[in-house]
Each structure stands twice: as structure tokens, then as C-alpha cells.
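The values are calculated or read from the model by the stated rules, or taken from the named source; none is laboratory data. Just so it is clear, the model here is predicted, and its values are computed rather than measured. Backbone-built Cβ (ideal geometry, glycine too); neighbour counts: all protein chains shown. Areas reflect the complete protein model, heavy atoms only, side chains present, ligands, DNA and RNA absent. Shrake-Rupley method; radii C 1.70, N 1.55, O 1.52, S 1.80 Å.
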Amino acid sequence: MTLKSVLLSGVFALGLVTAAKADDKSIHMIVCGDNTGAGIPIQAELIKGWEAENPGYKVDVEFVPWGQCQEKSTTLASAGNPPAVSYMGSRTLKQLAANDLIVPVNMTEEEKATYAAPILGTITANGQQWGLPRAFSTKALYWNKDLFKEAGLDPEAAPKTWDEMYEAAKTIKEKTEADGFGLAAASFDNTMHQFMNYVYTNGGEVINADGEIVFNSPNNVEALDFYGKMATVSQPGPVAYDRAKLRPLFSEGKIGMFISGPWERTRVTDVNWGVAPLPHGPSGGPGTLLITDSLAVFKGSGVEEQALDLAKLLTNPENQMAFELAEGFTPLRDLPEVKALVEKDPTWAAFLDAIPTGGPEPFVTDYVGLQDSINEAVQGVVLGEVSAAEAVEIAAEQLEEFK
């Protein structure tokens, strides 16, 4: 065989490989954020393994910044060019299902049993599951022990009630150079999320089990009134802050307390901190907002079956646990490894113990409308433009349109 024939045969073989890859069916997967997360290499390796076991299919992962990714997935689907699978806030699933944009996830009883009931509730509408939980968080109270000590407070005793939290924040603001509390009130989804922690720790709800809007309850008036009260001992201008902007303030010793998820445990630096269950209100008890993000499989991609198979692989108990621990999320399932996690690092306990008493994000068919109504109520009270009772009443009327 001549050199020319060898080269030609190599070119021919390369052409076959290229053609084969060109013929692969694409599974377009949209992931929120970028490719720098600690769990991304785990995900990439699992996808690589799935592709090897499913010749003829290629997973094309597209990273889209937060704030744009969910809108992009929905826009593509509405235009008839959906991604095969996308990372979505579970709060969007009911709306997507109502518009016939996603496929149902038919879980076996064995699969359902791996989740705590409140977690399963975050993806269930009308008795049907619509996504596979991918990320989960509960919230707890972080406090700066050194600021507590400087203010004359017990640095090892976290507030247990709203009144205790307010008094501690007030004392820090008066007796140190720091503000007492970090409060989120920006026009962003986690303002509503932060407020829901107060709703659930005061025995409130947005929508009851019968699907009725019950936002205008005395419990929620108390919660919103207290949220406004905390603004008086928080950092200046809370309407300019979402939750992520509070971490730098806490890390720099500029606020005494803030509420956030377990990922802060590895991101808060240079602070002698503690973490405890959320303080509760006068009409409630232990609670937290349970938030899940899910992998949703869209209709119309032509590869729905394969996309669902991939999503189930990524979120099975073993693979999901490795991903969420790398990312710093609250574990979704009560596996033996979770108990070992708490024994190794007791700061996990505040986030895990909150699950049984937590409440889900309100499941509605217009999530953006829900978010905007609650955020406007929060901002109105924080800015002193409206009373808590009036703000809750206005929001409740608006929410009737979105349920």
C-alpha cells in the first residue's frame, strides 16, 4: 500500500467517524449558571458514560447565566424549538405543564419513597410529578459570634424567636459599628423566598391544600409587619440587596446576622460564625422554605425518552448525592451518608432538621406574577409606603389571578 493510499484510507475513515457524529441526535441540555461549579465535573463524567451506553446520541450542554436560563428554555419551547432537558426552578413546573410544554415524570412508588413528602410536593401538581429534583435548599440563621460578644450578647446563644432576633440586631446596631441584620428586599426571586421563611415560621401559607389563596391571613400580616421592623435594624437600603449581596457584608463583619442556605458554610470567610434554626414568630414554630430546582423534560424535542433517561441517571440517589455535596446543597434524600455528614460536621443539622416542618414554594400557573406581587408587598412595607395589613390584602387579590 502506498503512502497516498494510506492517507486516503485514513481520510475516508475519518470521514466515516465525522459523518457518524454528524448523524448523532442532539440532546440539548440547558444548565443555569456556568461551568465552574464543583458538581459540574461529576455531571460531565456521568453524561460521558451515558453517551457511551447510548450510541447515536450526543448531549450538548449549554450553560446560561442565572436570570436568563429559565426564560430562554421557556421561550425556545414556546417557539417550537425546545431544549430536550433544562434546569428549572420547580416553581415553574405547574405553569409549564399547564401550557403543555413539558412531559410528566412517571415515578415508581419506589422512586417516590426516596424523597421526603415535602420535597415531592415541590414537583407535584394534580397528583402528577413534573420534574426530577436536582438541587434543594433549606435555610438557617447565620450569626457573627464576635459581634454578639462585642455587643454584650452571649456569642454561643442564637436567637430562637423573632423578638429575640430583633433585640439582638438592635443591640448590635446600637453598640457596635455594624448593622444588626442583613435583609433582602430587591426585585428578585429570593426576596420572595426570604419572606416565605417568615411566613412558614409564623404558621402562614400562600395557598392551602384546597388551592385557595390564604395569603391575607393574620399570620402573614404579622410576618410582613415584622419584616418591615427588621429593616430598621438592617443594612441601609435593603431594596438594593438580594440574598447573594448579603454574604460579603457578613464576611466583612458589617452585619450581625443573615438568613441563607448551607452553601454559605464554605463561602463565608474570616468570620467566627454559628448557624442555627430559623427563629419563629408568635403564631408559629419551626419552619423554612423548601426550594427545589428540577430537571424538566420538554415536549417536542424528538428525544423525550432519552432525555428522561438521562435526567433519571443524573438524579438517582447515588449520583445526586455526590453532585449536591460537591455543590453544597441540602441533601434531597435521607441516605445513610447524610447521618454521617452531620456527625462529621454538626453545622449541617440546622438545615436537615428543618425539612419535616418546611413548606414548599407556592405552586401556581403564573410564577412571575406571584413573585412580583409578593415582592411589591415586601418592598412597600420596607419602604414605609403601606401598612402590612394593606399590602397583604392587595397581594392576596392579585394572587387570585395567578393560582
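Give or take rounding to whole Å, what are the principal axis extents of the alpha carbon atoms in the stretch 199-249, in descending order?
41, 20, 16
Have a look at A169, L313, G80 and report the one farthest towards the positive end of the charge dipole of the chain, computed about the Cα centre with Cβ charges (Lys/Arg +1, Asp/Glu -1).
Among A169, L313, G80, the one farthest towards the positive end of the dipole of the chain is L313.
Suppose only helical runs count, i.e. DSSP H with n ≥ 4. What mean residue ellipticity at 222 nm does that imply for the chain under -39500 (n - 2.57) per run, divided by all residues and rounded to the nearest 500 deg cm²/dmol?
-13000 deg cm²/dmol
What angle, in degrees between 0 and 90 and rounded to the nearest 10, separates the Cα long axis of helix 40-53 from the longest principal axis of the Cα atoms of the chain?
With both axes taken from Cα atoms, the answer is about 30 degrees.
Using 0.36 nm per residue, how much length does the chain from A98 to D345 gain when fully extended, once their Cα-Cα distance is taken away?
Contour length minus Cα-Cα distance gives 84.7 nm.
Please state the Cα pair-distance histogram of the chain with 20 angstrom bins from zero: what percent is in each bin?
26, 53, 17, 4, 0
Give the value in nm², to one decimal: projected area of the alpha carbon convex hull of the stretch 291-403, averaged over all directions.
Reported value for the Cα convex hull: 10.5 nm².
Could you sort 175-186, 45-56 so that the peptide with the highest average Cβ count within 10 Å comes first and the rest follow in order?
Descending mean neighbour count gives 175-186, 45-56.
What do you get when you divide the Cα radius of gyration of the stretch 233-289 by 2.2 N^0.38 Å, with N the number of residues?
Here the Cα radius of gyration is 1.22 times the empirical estimate.
If you line up the long axis of helix 69-78 against the longest principal axis of the chain, both from Cα atoms, how many degrees apart are they, to the nearest 10?
Tilt relative to the chain: about 60 degrees.
Restricting things to alpha carbons, find the Rg to Rh ratio for the stretch 169-309 using the Kirkwood radius for Rh.
Ratio of gyration radius to Kirkwood radius: 1.07.
Give the dimensionless ratio obtained when the Cα radius of gyration of the stretch 23-77 is divided by 2.2 N^0.38 Å.
Rounded to two decimals, the normalised Rg is 1.23.
What percentage of the solvent-accessible surface of the chain, computed with a 1.4 Å probe over protein heavy atoms, is contributed by carbon and sulfur atoms?
The nonpolar share, carbon plus sulfur, comes to 54 percent.
In the neighborhood of E305, defined by Cβ-to-Cβ distances under 13 Å, what is the net charge if each Lys or Arg adds +1 and each Asp or Glu adds -1?
Within the 13 Å Cβ shell, the charges total +1.
What angle do you read, to the nearest 10 degrees and between 0 and 90, between the alpha-carbon axis of helix 218-230 and the longest principal axis of the chain?
Long axis of 218-230 versus the principal axis of the chain: about 80 degrees.
Could you give P(r) for the stretch 61-114, binned at 5 Å from zero, as whole percent values over all Cα-Cα pairs?
The percentages, shortest bin first, are 4, 16, 27, 22, 15, 9, 6, 0.
Rounding to the nearest 20 debye, state how big the charge dipole of the chain is about its Cα centre with +1 on each Lys and Arg Cβ and -1 on each Asp and Glu Cβ. If you can, show how the numbers build up before the last one.
On the way: 30 positive and 55 negative charges, 216 e Å.
Using Cβ point charges on Lys, Arg, Asp and Glu, the chain gives about 1040 debye.
Semi-axes of the equivalent ellipsoid for the stretch 25-183, please: Cα gyration tensor eigenvalues, times 5, square-rooted, ordered largest first, whole Å.
42, 20, 17
Using alpha-carbon pairs under 8 Å, 6+ residues apart, how would you state the relative contact order of the chain in percent? Intermediate values should be presented prior to the final figure.
Working: 757 pairs, mean separation 101.7, N = 403.
After rounding, I find 25 percent.
Pick from N208, N319, N220: which is most flexible by mean-square fluctuation in a GNM of the chain where alpha carbon atoms under 10 Å apart are linked?
N208
When the Kirkwood radius is taken over all Cα pairs of the stretch 167-239, what Stokes-Einstein diffusion coefficient follows at 10 °C and 1.306 mPa s, in µm²/s?
Value of D from the Cα-based Kirkwood radius: 119 µm²/s.
Mind checking the per residue accessible area of the chain for me, 1.4 Å probe, whole number of Å²?
44 Å²
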